[in-house]
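The values are calculated or read from the model by the stated rules, or taken from the named source; none is laboratory data. These numbers come from a predicted model, not from an experiment. Here Cβ is always computed from backbone atoms with ideal geometry, including for glycine, and neighbour counts include all displayed protein chains.
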Amino acid sequence: MAPYKDQLLLDITSEGLRIQIVDKQNRPMFDTGSGVMKPYTVQILHELAGFVNQVPNSISISGHTDSAPYVRADSAYGNWELSADRANAARRTLVEGGMQPTKVARIVGLAASVPFDKTDPAAAINRRISIVVMTKEAARAALSPEVANEPDVPAAPAALRSAEQEHAGGGLPDMPSASPANDVGSAVTVPRNLRRG
């Protein structure tokens, strides 16, 4: 991972250690309207697969798009579907790189709802994936049968409140600020060779 340490942005969210790939040249991870990764992204994810296998935690993979509306002429396929396809492409690439398939607890498509570049939602760098090495509590919640079996209608108000809190500053930290990996504490285990400081 050492050759890529300057291209990995680490920060802490309520769910665990978030890893985002940030290209030094501000290249996107995907072409416009595509779920196919750029070759440099594949290389980084193949390396990241080894790190994911070293930690006992499960991961969540989120796909993102820029704000440009994407709709195929022949269907209702849009940014939401595209972002989910990007998350799944990252999962496949990590598995190709040697990650155990059972490490994945969740795949999420977020469309343009969480831009990396908040000042320019249409920026190419917003076409990306993010990986969260989940705390044990977050992984349990993601895999809980009680959560999976709840009806959609009653759960919607809580989900909306959560989304409102995130956009009001109560959720994900502003990007691209990052916390050093050695500040993670006991919530997420980070291999010694990836710790900064």
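At least 1 residues being among the polar types (S, T, N, Q) is the threshold, and among the strands (runs of 3 or more DSSP E) wholly inside segment 1-119 those reaching it are 8-13, 16-21, 59-63.
For segment 42-90, the set of residues classified as out of contact with any helix residue (DSSP H, G or I) (no Cβ under 8 Å at 6 or more places or on another chain), of a type in the set (S, T, Y) and more than 22 Å from L143 (Cβ to Cβ) consists of S75, Y77, listed by residue number. Taking the criterion of being surrounded by 14 or more Cβ atoms within 10 Å (Cβ to Cβ) and more than 16 Å from the chain's Cα centre (by Cα), the residues of segment 69-98 that qualify are Y70, Y77, G78, G97. Report, by residue number, each residue of segment 1-21 that is surrounded by fewer than 18 Cβ atoms within 10 Å (Cβ to Cβ) and either at positive phi or of a type in the set (A, V, I, L, M, F, W, C) (or both). If the condition is that a residue be surrounded by fewer than 18 Cβ atoms within 10 Å (Cβ to Cβ) and either at positive phi or of a type in the set (A, V, I, L, M, F, W, C) (or both), then M1, A2, L9 are the ones that fit. Apart from one condition, Q100 fits all of (1) within 12 Å of S130 (Cα to Cα); (2) modelled with pLDDT of 95 or more; the exception is (1).
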